[in-house]
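Colleague: Structure in structure tokens, see below.
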6 protein chains.
Amino acid sequence: MFELDPLEKKLKERLEFLSTAVIASQLLKRGLRHSTISGLLPINVDFSRMVGPAFTLGFIPMREDLGNSASQSVHTNPQRIAIEEIPAGHVLVIDARGELESGGFGDILAARLLVRGVAGVVSDGAMRDSAQLRKLALPIFCAGSAAPPSFARIMAANLNRPIGCGGVAVFPGDVVVADIDGAVVIPRHLADEVARDGVEQERLERFVRSRVDRGETTVGLYPPNEAAMADYRRWCEENGGGFN
Amino acid sequence: MFELDPLEKKLKERLEFLSTAVIASQLLKRGLRHSTISGLLPINVDFSRMVGPAFTLGFIPMREDLGNSASQSVHTNPQRIAIEEIPAGHVLVIDARGELESGGFGDILAARLLVRGVAGVVSDGAMRDSAQLRKLALPIFCAGSAAPPSFARIMAANLNRPIGCGGVAVFPGDVVVADIDGAVVIPRHLADEVARDGVEQERLERFVRSRVDRGETTVGLYPPNEAAMADYRRWCEENGGGFN
Amino acid sequence: MFELDPLEKKLKERLEFLSTAVIASQLLKRGLRHSTISGLLPINVDFSRMVGPAFTLGFIPMREDLGNSASQSVHTNPQRIAIEEIPAGHVLVIDARGELESGGFGDILAARLLVRGVAGVVSDGAMRDSAQLRKLALPIFCAGSAAPPSFARIMAANLNRPIGCGGVAVFPGDVVVADIDGAVVIPRHLADEVARDGVEQERLERFVRSRVDRGETTVGLYPPNEAAMADYRRWCEENGGGFN
Amino acid sequence: MFELDPLEKKLKERLEFLSTAVIASQLLKRGLRHSTISGLLPINVDFSRMVGPAFTLGFIPMREDLGNSASQSVHTNPQRIAIEEIPAGHVLVIDARGELESGGFGDILAARLLVRGVAGVVSDGAMRDSAQLRKLALPIFCAGSAAPPSFARIMAANLNRPIGCGGVAVFPGDVVVADIDGAVVIPRHLADEVARDGVEQERLERFVRSRVDRGETTVGLYPPNEAAMADYRRWCEENGGGFN
Amino acid sequence: MFELDPLEKKLKERLEFLSTAVIASQLLKRGLRHSTISGLLPINVDFSRMVGPAFTLGFIPMREDLGNSASQSVHTNPQRIAIEEIPAGHVLVIDARGELESGGFGDILAARLLVRGVAGVVSDGAMRDSAQLRKLALPIFCAGSAAPPSFARIMAANLNRPIGCGGVAVFPGDVVVADIDGAVVIPRHLADEVARDGVEQERLERFVRSRVDRGETTVGLYPPNEAAMADYRRWCEENGGGFN
Amino acid sequence: MFELDPLEKKLKERLEFLSTAVIASQLLKRGLRHSTISGLLPINVDFSRMVGPAFTLGFIPMREDLGNSASQSVHTNPQRIAIEEIPAGHVLVIDARGELESGGFGDILAARLLVRGVAGVVSDGAMRDSAQLRKLALPIFCAGSAAPPSFARIMAANLNRPIGCGGVAVFPGDVVVADIDGAVVIPRHLADEVARDGVEQERLERFVRSRVDRGETTVGLYPPNEAAMADYRRWCEENGGGFN
């Protein structure tokens, strides 16, 4: 139903190599100061990384005549459509309006997403059934846990529309990368250059770190002056920085 | 461009007679506890009442490559479309995500809405040019004032979609009534009965108030027992309660 | 039903003369840093002062099977008991848990309090029917306005128990003074000395202000050195500082 | 001193089998949307479940002339009475007013509760001595850790009165169940039916999950249509769903 | 003691002509999205405008052994130095850490500032003695009112250092302009161009507003196309836009 | 560059023996209720304790023309000076204004602090590169994790000035102790007596705990009456309480 572009293989590999800290730095160099959702944590600590294009789902506040099991679990409900239609490899990004007192969904829908091959879930709200979710091999980054079903407080209303998630604009197709620092949202048109320059930054920072660990001062090293850069180039020749 | 139903004359007259307190009570009797946006105030104290069907506009967080004057003031921007397309008699309801550090719009766009005959504006964010807005004969209920243009922090993204405003679900066409207690959102399918029963409640409360002012205890009067109801019916015959 | 001591005439007169700023200073001198409820405003600007002993009412969160008109407006409900039993001259102090999305009560119950001679109302939550309350000759200090009845969100549960109101401990019988800076709560056992020393402070500050208005530096004057104190004593002899 | 009913054995067993997510769903079906305290975590991760009737303790803000070690650790202080009088098997539920900058109590009082056989502690505030509490075999769910003693900021004032805890009404005797999603409060009169229907829901969800794990779509399965229900009944006959 | 440059006459005149909305737009065009302090209101509504260079004062949290009348009202206290040393024409900008439960200062120190010719006061905290301050001919923009003296909660610590005020960086000498939309902080090096271009923007917006009031659509007018610009230039020739 | 006194050996040993809970109690006995920063957690759980004198760094909000990599990573930037100049054994205490959406610094600067022998870092904001920081043998207590560099939102501005950190006043040289309950700040002039009395309190509490674990009531034991004190003295003779 939704035709969304998967990530090219090279781009995906580069982004999997990068921390959100490096990506956020690259976006900031391009003037983007509001591209990172902070305060999220992975429910399953063994699945604390994800990369993929965004498939968006927006919630609005619940209204009691609609927020009930009957109307919220029919298969025309936008959340249910999202679960069954999100393409493999995509990230389900949820604008839960920061809702922390009810949970977006629980282990049954999460298990369905896992079976369907999604890359992960990012929500600025809470999830439920955390004890079960912790055992699932699915990266889920969210802002907390809560026992009540989402429709106790919010209702899914908008599918693949531009949303806000944790104070960040997310357009369908934007590239989402998450790790334990949070989730960064890369505008699709910037993804290639951010990935390319990010790999270079990552490599340089590994060099710098190795020098700091040896006891060198950061003055002249970070950022590097000419001598440090020459040293860096020699270091690159000797070892590739962990990524080519 | 948007075909939305105006309010029937009788419904509008009844709602204009009612306080938001009475309407909220009627909604609560029907199980709706989350239908009132609190914390809003009218910018122009002489225009502190409004009634009309909702025309909705949703914002998302700003992204710096889009949040600039060039892209935000073109006439294909959803906010600009809303300003020029909202039907007369409607209320522009804005999901500004509670944004208080930039202002939705200022006196030029507000003046345009006034000329176009809109019933008013309700926003859970701030407005700008407050000194000018205070002089406009347009009811604007919002959560504060701020000098920067909206795109310093947020961008219009969704037009006539279901939104949340101040924690309340608003669907296009819902009936909005505002006074200095806030703005109440009546689901369209409930508007007639809420208006009808609200008028009856308002009349009864005026009777009760008149008795309290005379020194009667609230016990047996509020809520009224049978004797008080009989008294009320006599009172109604003598004076219509201010509305027929 | 409740036997509570009214304020002695001399104490009441002194406190009516004092601003909450002076009283808060006197409490601070005695080590009390958390005795003032900030962020409250009088609904009726012409009734922006009150003095009286506290009669307390505590709310808890609403539970839907109890939070309805039937169970909340019976006359055994603690709020209704408070309205009918609070002694004249007392202040109804409400722990509304900072609830801003429903209103404690509206014009009917407020009118009843006025008839019953209460000194005023202080709530850390909102009130409803603000348009009507603004016309009542009753000092009501609260944190906002909201249309829904209180039981949309909270329920009265505790009567004349120690409460917290706006971050301040309030015991029944404590002396409450409010003005546009907020409401200060004086432990009953300190009321006399606070009032007495407050009058003296107020008189000194009026003297200081008169000198500042004439262009004197605050150095040596505020706080006063010996010369300034001698000058003050002369000033007192000439005019009594507005209060004896 | 306090006579409170323990939980019947069958009810307790059923509730121990249920997640808070299932219980919250059952309460929501009965119209209760505000029965779950979110944002709490167990201090000791090995003791992350509790079931028992509530014994309540309410705090108010501290006043400096009372908030000191002398007056707060006497054995007539409500907190100390609670510690020594709460019946075995009960849950101590604390309205700490969301206080996160001082800790309700530390390892000595917690150790005393453990010895006395309480089922656990739920507080919407912080606890202190976390390093020690982590080693105690006592379920303690709270909102954080803080070094100062409670009376640095709050004071115990009300014992076995209705309280609010984390936005939820708690009456003495209500049934409290907690797990890592939070703590759910079941009105005592609903506990039996919630437990009974919850077991049935839990069983059905385990069936659904088993089918989702095999790759089935949620359409027609969750919620189940007639065919799925027939399948479910066969599945129940084959295995009891883990609980009888 | 402090040598700070006053504003040049031409710059001051231009800024007095401009709303904070226009200035914030000009700063945003230059990439500055965080230069406006929102949520402030003038205490005296008749003095709701100010323009002047910043003289900064920074507070830190109170410590009880220092936060008392003796140590806080000596004339070596940074706040007292600020009051007596701030040059005429300057704006006292206070980083009160958003403190709303104690008041920066009251009528005596404010009266001293008035006598000394300061342009006004901007604080992200509260002030005390509001009833008196409302009568003073001094523009004071702040976030609320509170009865306790500042040292109940905070202490002055840093004088003419870079501060944050309401989320905005303020360096000594920056130009501050305030009106009822809030207070905008212009980096000194940008003040001239912002003032110059702001006047032009203001004039254009007055023209646009006049056309909107006559019923013209905003399409093609705001922003103006070539025809509208030609019309604007004619309009300018006819009337100077209220400022030259 | 900065001459700051290291802690005397005896004082340091005593403080290393004490929990922040005991230290906060000792400060409270001396009237200090606001000396503990709550809500902080150690990034590396194996390094969850620190003791040392404070070296302070204060941030202000970012301004876009200054908040960029070029101006923020020069070695005259106050943060960079702090990193290279803080004496060994000291604690870097950061007033990050509670900023949670950008990270103070990452693994390179943290590694430099480790090499330089600092005792640890305390910040009321977030850190970045958490995955790397978790592997560093450096105690870092902060309020969260975030991917963007600090200058996305804040800028270092004040070095070794009095600051506020998490609501607590910190003067350079104050003694900082942190554990999983938070970080407590001891005014330097009180450090010796707090450490001495704290050791005594710690010893007494260990005795009390041992008795509670054996099943004794807290009545008469905690606080101890004369009999309990006699018992305690015998207990002390038998074992030294773990510290001499």
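Colleague: Mind listing just one residue for me: the one in region A:1-11 that is open to solvent by 70 Å² or more (accessible area, probe 1.4 Å) and not in a loop (DSSP other than H, G, I, E, B) and, of those, farthest from E:Leu32 (Cα to Cα)?
Modeller: Residue satisfying both the conditions and the ranking: A:Lys9.
Colleague: Those residues that are buried (at least 21 other Cβ atoms within 10 Å of the Cβ) and either of a type in the set (Ser, Thr, Tyr) or out of contact with any strand residue (DSSP E or B) (no Cβ under 6 Å at 6 or more places or on another chain) (or both), I need them from region A:18-33; list them, please.
Modeller: First, the residues of region A:18-33 that are buried (at least 21 other Cβ atoms within 10 Å of the Cβ): A:18-28, A:32-33.
Once the filter is applied, which keeps residues that are buried (at least 21 other Cβ atoms within 10 Å of the Cβ) and either of a type in the set (Ser, Thr, Tyr) or out of contact with any strand residue (DSSP E or B) (no Cβ under 6 Å at 6 or more places or on another chain) (or both), region A:18-33 yields A:Leu18, A:Ser19, A:Thr20, A:Ala21, A:Val22, A:Ser25, A:Gln26, A:Leu27, A:Leu28, A:Leu32, A:Arg33.
Colleague: Might you check whether a residue that is among the hydrophobic types (A, V, I, L, M, F, W, C) and under 29 Å from D:Ala54 (Cα atoms) occurs anywhere in region D:195-204?
Modeller: The initial filter retains those residues of region D:195-204 that are among the hydrophobic types (A, V, I, L, M, F, W, C), namely D:195, D:199, D:204.
Subsequent filtering for residues that are under 29 Å from D:Ala54 (Cα atoms) retains D:195, D:199.
Yes, some residue in region D:195-204 is among the hydrophobic types (A, V, I, L, M, F, W, C) and under 29 Å from D:Ala54 (Cα atoms).
Colleague: Oh, and also: Scan (1) under 27 Å from D:Ile154 (Cβ atoms); (2) surrounded by 21 or more Cβ atoms within 10 Å (Cβ to Cβ); (3) of a type outside the set (S, T, N, Q) for the single condition C:Leu15 breaks and write down its number.
Modeller: With (1) under 27 Å from D:Ile154 (Cβ atoms); (2) surrounded by 21 or more Cβ atoms within 10 Å (Cβ to Cβ); (3) of a type outside the set (S, T, N, Q) applied to C:Leu15, the lone miss is (1).
Colleague: Next up: Here is a check on your reading of the model: is F:Leu109 modelled with pLDDT of 95 or more, within 21 Å of A:Ser38 (Cβ to Cβ) and not in a loop (DSSP other than H, G, I, E, B)? Before you say what the answer is, go through the steps one by one.
Modeller: Numbers: modelled with pLDDT of 95 or more: yes; within 21 Å of A:Ser38 (Cβ to Cβ): yes; not in a loop (DSSP other than H, G, I, E, B): yes.
So F:Leu109 passes the test.
Colleague: Quick one: in region D:120-146, of everything that is part of a loop (DSSP other than H, G, I, E, B) and open to solvent by less than 30 Å² (accessible area, probe 1.4 Å), which residue is nearest to D:Pro53 (Cα to Cα)? Walk me through how you get there before you give the answer.
Modeller: The first filter runs over region D:120-146 and keeps only residues part of a loop (DSSP other than H, G, I, E, B), leaving D:124-125, D:128-129, D:134-139, D:143, D:146.
Pick out the ones that are also open to solvent by less than 30 Å² (accessible area, probe 1.4 Å) and you get D:124-125, D:128-129, D:136, D:138-139, D:146.
Numbers: D:Asp124: 17, D:Gly125: 20, D:Arg128: 24, D:Asp129: 26, D:Leu136: 21, D:Leu138: 16, D:Pro139: 14, D:Ala146: 27 Å.
My answer is D:Pro139.
To keep it simple, each residue is scored yes or no on (1) more than 27 Å from D:Phe17 (Cβ to Cβ); (2) within 11 Å of chain F (Cβ to nearest Cβ).
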site: D:Val118; (1), (2): no, no
site: D:Val121; (1), (2): no, no
site: D:Leu136; (1), (2): no, yes
site: D:Cys142; (1), (2): no, no
site: D:Ser145; (1), (2): yes, yes
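Colleague: Which residues, counting only those in region F:205-220, are in a loop (DSSP other than H, G, I, E, B) and more than 7 Å from chain D (Cβ to nearest Cβ)?
Modeller: Passing the criteria: F:Arg214, F:Glu216, F:Gly220.
Colleague: Listed residues D:Ala157, D:Ala228, D:Ala183, D:Ala178; which is in contact with a strand residue (DSSP E or B) (Cβ under 8 Å, 6 or more places away or on another chain) and part of a helix (DSSP H, G or I)?
Modeller: Details: D:Ala157 fails: part of a helix (DSSP H, G or I); D:Ala183 fails: part of a helix (DSSP H, G or I); D:Ala178 fails: part of a helix (DSSP H, G or I).
The unique qualifying residue is D:Ala228.
Colleague: Quick one: is D:Gly164 assigned to a loop (DSSP other than H, G, I, E, B), of a type outside the set (A, V, I, L, M, F, W, C) and either under 20 Å from D:Ala183 (Cα atoms) or open to solvent by less than 10 Å² (accessible area, probe 1.4 Å) (or both)? Lay out the reasoning, then the answer.
Modeller: Values: assigned to a loop (DSSP other than H, G, I, E, B): no; of a type outside the set (A, V, I, L, M, F, W, C): yes; either under 20 Å from D:Ala183 (Cα atoms) or open to solvent by less than 10 Å² (accessible area, probe 1.4 Å) (or both): yes.
It is false that D:Gly164 is assigned to a loop (DSSP other than H, G, I, E, B), of a type outside the set (A, V, I, L, M, F, W, C) and either under 20 Å from D:Ala183 (Cα atoms) or open to solvent by less than 10 Å² (accessible area, probe 1.4 Å) (or both).
Colleague: Look through B:Asp95, B:Asp107 and report the one residue that is among the charged types (D, E, K, R), within 16 Å of the chain's Cα centre (by Cα) and away from chain C (no Cβ under 14 Å).
Modeller: On the way: B:Asp107 fails: within 16 Å of the chain's Cα centre (by Cα).
Exactly one residue qualifies, and that residue is B:Asp95.
Colleague: The conditions are (1) open to solvent by 10 Å² or more (accessible area, probe 1.4 Å); (2) under 19 Å from the mean Cα position of the chain (by Cα); (3) closer than 27 Å to A:Val184 by Cβ, and F:Gly117 fails exactly one of them. Which is it?
Modeller: (3)
Colleague: Working carefully through the options F:Glu84, F:Glu64, find the one that is more than 17 Å from F:Ala147 (Cβ to Cβ), free of Cβ contacts under 8 Å to residues at least 40 places away in the same chain, within 14 Å of chain E (Cβ to nearest Cβ) and open to solvent by less than 40 Å² (accessible area, probe 1.4 Å). Full working, then the answer.
Modeller: Details: F:Glu84 fails: within 14 Å of chain E (Cβ to nearest Cβ).
Among F:Glu84, F:Glu64, only F:Glu64 is more than 17 Å from F:Ala147 (Cβ to Cβ), free of Cβ contacts under 8 Å to residues at least 40 places away in the same chain, within 14 Å of chain E (Cβ to nearest Cβ) and open to solvent by less than 40 Å² (accessible area, probe 1.4 Å).
Colleague: Mind listing whichever residues of region B:176-197 are farther than 17 Å from A:Pro61 by Cβ, surrounded by 24 or more Cβ atoms within 10 Å (Cβ to Cβ), among the β-branched types (Val, Ile, Thr) and within 13 Å of the chain's Cα centre (by Cα)?
Modeller: B:Val177
Colleague: If you go through region D:17-28 one residue at a time, do you hit one that is over 21 Å from D:Leu204 (Cα atoms) and free of Cβ contacts under 8 Å to residues at least 24 places away in the same chain? First the steps, then the outcome.
Modeller: Step one: of region D:17-28, the residues over 21 Å from D:Leu204 (Cα atoms) are none.
Checked region D:17-28: no residue is over 21 Å from D:Leu204 (Cα atoms) and free of Cβ contacts under 8 Å to residues at least 24 places away in the same chain.
The values are calculated or read from the model by the stated rules, or taken from the named source; none is laboratory data. The model shown is predicted, which means the values in this text are computed figures rather than measured ones. Quick reminder, even Gly has a Cβ in these numbers, built from the backbone with ideal geometry, and neighbours come from all protein chains shown. Heads up: the accessible areas ignore ligands, DNA and RNA and are worked out on the full protein's heavy atoms, side chains in. Shrake-Rupley method; radii C 1.70, N 1.55, O 1.52, S 1.80 Å.
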